[in-house]
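Peer 1: Next up is a structure, given as structure tokens.
Just so it is clear, none of the values below were taken in a lab; they were calculated from the coordinates. As the structure is a computational prediction, the values presented were derived from the model and not from experiment. Heads up, the Cβs are rebuilt from the backbone with ideal geometry, glycines too, and the neighbour counts pull from every protein chain shown.
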Amino acid sequence: MDVLWMVPLLLIPLLMWTSGAFVFYFKKFFYVAWMMCLALLAIPLCILKSGGRDVENMRLIRSLVRHVKYLLGLRFEVSGWEHLQTEGPYVIISNHQSSLDVLGLMEILPDRCTMIAKKELIYAGTVGLICWLGGIVFINRKKTSDAKSVMADAAETMLKDQIRLWVFPEGTRNQNGDLLPFKKGAFHLAVQAQVPIIPVVFSSYRSFYLRKEKQFKSGTIRLKILPKIETKGLTSDDVSDLCDKSFNVMHSAFLETSSSVPQSNGPVSH
Ligand SMILES: CCCCCCCCCCCCCCCC(=O)SCCNC(=O)CCNC(=O)[C@H](O)C(C)(C)COP(=O)(O)OP(=O)(O)OC[C@H]1O[C@@H](n2cnc3c(N)ncnc32)[C@H](O)[C@@H]1OP(=O)(O)O
Ligand SMILES: CCCCCCCC/C=C\CCCCCCCC(=O)OC[C@@H](O)COP(=O)(O)O
């Protein structure tokens with residue numbers, strides 16, 4: 001009889017464990033904490049290897065992050081690898097749904113490639129420091145003139161140091177099931193440096209990850225690398241057309257890959 005009162009006590013954690021919201025918070029917390037720990041490990045390794053801020057550190061960061069997808073029950077299906085076989089600098093543009101995008105980015109990140117990010121990221125503890133060591137270019141989105149001049153410098157550095165840059169042209173995270181209109185920075189950057197743009201599309205996360213509904217199941221993400229778009233000979237007058245053209249190819253690819261995303265194939269939590 002005495003043990004009967006323990007039944008609800010045992011049921012509560014069991015119910016929490018099987019509830020979607022618990023799994024959501026647990027996986028989110030684990031993801032952030034694990035990335036923070038990995039960054040802590042990466043910091044001394046990067047400093048020992050390159051002595052400080054260097055795009056080459058991204059190789060090490062990439063190799064340390066690759067296993068994280070397994071821990072979260074995520075799978076990537078990549079297509080269009082051949083489009084990344086382009087010599088020299090280029091600008092990669094992709095849609096941006098969540099901080100989980102970092103996992104897909106690290107799946108396909110080419111050598112000598114770093115990112116453009118909001119400046120607030122530098123304050124994200126060990127992750128912020130590893131972003132700085134990896135050569136990430138920080139911009140102040142609230143001050144367009146500052147952001148433009150940082151990106152103009154980045155165009156010069158790309159050519160001088162043979163660096164590739166990954167930009168999220170939506171300018172913010174977006175999980176509304178479609179793409180946001182693109183900001184122009186990525187296209188000015190590519191035109192100023194006269195380098196090609198390689199569009200990359202992540203399929204919708206909505207079949208396994210819903211922030212508002214607190215759902216984070218196992219799932220498959222399709223990553224589609226699209227053919228490069230040349231910018232040789234283009235000027236700032238062509239930026240709007242280039243932006244529209246890039247949006248259109250990515251939008252079609254987003255709708256196509258997202259409609260055929262397989263449902264979760266790992267253990268499903270409700
Ligand atoms: C082991 C380790 C574990 C841990 C491992 C961690 C790994 C580390 C992974 C990190 C991963 C990072 C992930 C970060 C993800 C984000 O931080 S996303 C947010 C930051 N990124 C961005 O915002 C990029 C996209 N934004 C842009 O490009 C925007 O254009 C800018 C530059 C911010 C400007 O913003 P805006 O003023 O709101 O934008 P916009 O309407 O485009 O431009 C206004 C005018 O300026 C003009 N303009 C814009 N840019 C330029 C330019 N560069 N030159 C000349 N004119 C320009 C436009 O043409 C426009 O003029 P009109 O054509 O209308 O006449
Ligand atoms: C205040 C700085 C941001 C706090 C970040 C918390 C620490 C994150 C720790 C581990 C996650 C590892 C991946 C880190 C890269 C996440 C990049 C990211 O997704 O930044 C958000 C930015 O794209 C758009 O921001 P907004 O949605 O416009 O706002």
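Peer 1: Is there a pair in Lys27/Lys118; Lys28/Lys142; Lys49/Lys184; Lys28/Lys224; Lys183/Lys212 whose C-alpha atoms are over 31 Å apart, and which pairs would that be?
Peer 2: From Lys27/Lys118; Lys28/Lys142; Lys49/Lys184; Lys28/Lys224; Lys183/Lys212, over 31 Å: Lys49/Lys184.
Peer 1: OK, next. Just from its helices, what would the mean residue ellipticity at 222 nm be for the chain, if runs of 4 or more DSSP H residues each count -39500 (n - 2.57) and the sum is divided by every residue, rounded to the nearest 500 deg cm²/dmol?
Peer 2: Here the helix-only value at 222 nm equals -14500 deg cm²/dmol.
Peer 1: For the range 60-136 and the range 206-235, what is the centre-to-centre distance using only Cα atoms, to the nearest Å?
Peer 2: Computed from Cα coordinates, the inter-centre distance equals 12 Å.
Peer 1: If each residue's Cβ is checked for other Cβ atoms within 10 Å, how do Val55, Val249 rank with the fewest at the top?
Peer 2: Taking fewest neighbouring Cβ atoms as first place, the list is Val249, Val55.
Peer 1: Continuing with this model, one more query. At most 10 other Cβ atoms within 10 Å and a DSSP loop assignment: could you name the trypsin sites (Lys or Arg not before Pro) in the range 160-241 that fit?
Peer 2: Lys212, Lys232
Peer 1: Let me ask something additional. Can you figure out the FRET efficiency of Lys49 with Asn248, using R₀ = 30 Å and their beta-carbon distance, to the nearest 0.05?
Peer 2: The formula returns an efficiency of 0.15 here.
Peer 1: Below 13 angstrom from the Cβ of Ser149, what's the summed charge of the other residues (Lys, Arg +1; Asp, Glu -1)?
Peer 2: Charge balance in the 13 Å sphere: -1.
Peer 1: Could you tell me which of Leu189, Thr114, Leu38 has its Cα farthest along the dipole of the chain towards the positive end, charges placed at Cβ (Lys, Arg +1; Asp, Glu -1), taken about the Cα centre?
Peer 2: Leu38
Peer 1: Considering only the range 2-259, what is the antiparallel percent among its DSSP beta bridges, to the nearest 5?
Peer 2: Once the DSSP bridges in the range 2-259 are tallied, antiparallel ones form about 25 percent.
Peer 1: Show me the GluC sites (Glu not before Pro) within the range 44-123 that DSSP assigns to loop and that have at most 10 other Cβ atoms within 10 Å of their Cβ. It would help to have the intermediate numbers written out before the result.
Peer 2: Details: sites: Glu56, Glu77, Glu82, Glu87, Glu107, Glu120; in loops: Glu56, Glu87.
Qualifying residues, ordered by number: Glu87.
Peer 1: Normalized C-alpha radius of gyration of the range 2-259, against 2.2 N^0.38 Å? Walk me through the intermediate numbers first.
Peer 2: Details: Rg = 20.1 Å, N = 258, 2.2 N^0.38 = 18.1 Å.
Computed over Cα atoms of the range 2-259, the ratio equals 1.11.
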